[in-house]
1. Could you list, ordered by first residue, the pairs with Cβ atoms under 8 Å in which the first is in the range 32-56 and in a helix (DSSP H, G or I) and the second is among the β-branched types (Val, Ile, Thr), at least 6 apart or interchain?
2. Kindly indicate whether any position in the range 107-123 is surrounded by 14 or more Cβ atoms within 10 Å (Cβ to Cβ), modelled with pLDDT of 80 or more and among the hydroxyl-bearing types (Ser, Thr, Tyr).
3. I want to confirm something. Restricting to the range 144-166 and keeping residues that are loosely packed, with under 14 Cβ neighbours inside 10 Å and either touching a Pro at 6+ places or on another chain (Cβ under 9 Å) or of a type in the set (Phe, Trp, Tyr) (or both), which single residue is farthest from residue 33 (Cα to Cα)?
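The values are calculated or read from the model by the stated rules, or taken from the named source; none is laboratory data. Small disclaimer: the values here were computed from a predicted structure and weren't measured. Note that we place each Cβ from the backbone using ideal geometry, even for glycine, and neighbour counts take in every protein chain shown.
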Amino acid sequence: MTEEPVKPKPKMSPERQAQLNRRVAAICAVFFALLAVVFGAYSFHQHEDYAVRTSPPEGKTTEVVVDEVTEGRFCSSSNSSSNCSPEYTLAYEVDGDRHTTPIRKELDAGDTVHAFEGSDGKWYVTEDPGFGNSRVAWMFYALGGLASLIFALLCVRSWWKIPKPT
């Protein structure tokens, strides 16, 4: 048995290589531009969510006394107990209607809080900014969007500099 010699792969022509590089750069630009849009939209959503939770419409709050506090746990994933934090559900009355609000800040029955009805129809307590949201959370997503936009612009710049095959 004799083996036939393996023929080396033909080298890619410079025109073919330039065409391939331009396609890769275009795909890179589109991917990072879409990622920037997603991060930007989520950043806006986080900012608006924080605003709804912490600033009452027209600045109107109602002082209420907490009737009951239930302690529980808030877990970010159902199968892991390491990502849990304490959760306190406050029960209070506003204009004869009973409402409950989950918060992270520990309060006791008899404490006075400022409650307001958010633009989404739910009741919030100004003493707590809300679950999974903070004053600066939206900034992290905005930075992710900005970084993605920079990468997209670098990909466009690469695409522009690669010679166009003739």
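1. Within 8 Å, the pairs are 54/126.
2. No, every residue in the range 107-123 fails to be surrounded by 14 or more Cβ atoms within 10 Å (Cβ to Cβ), modelled with pLDDT of 80 or more and among the hydroxyl-bearing types (Ser, Thr, Tyr).
3. Out of the qualifying residues, it is 163.
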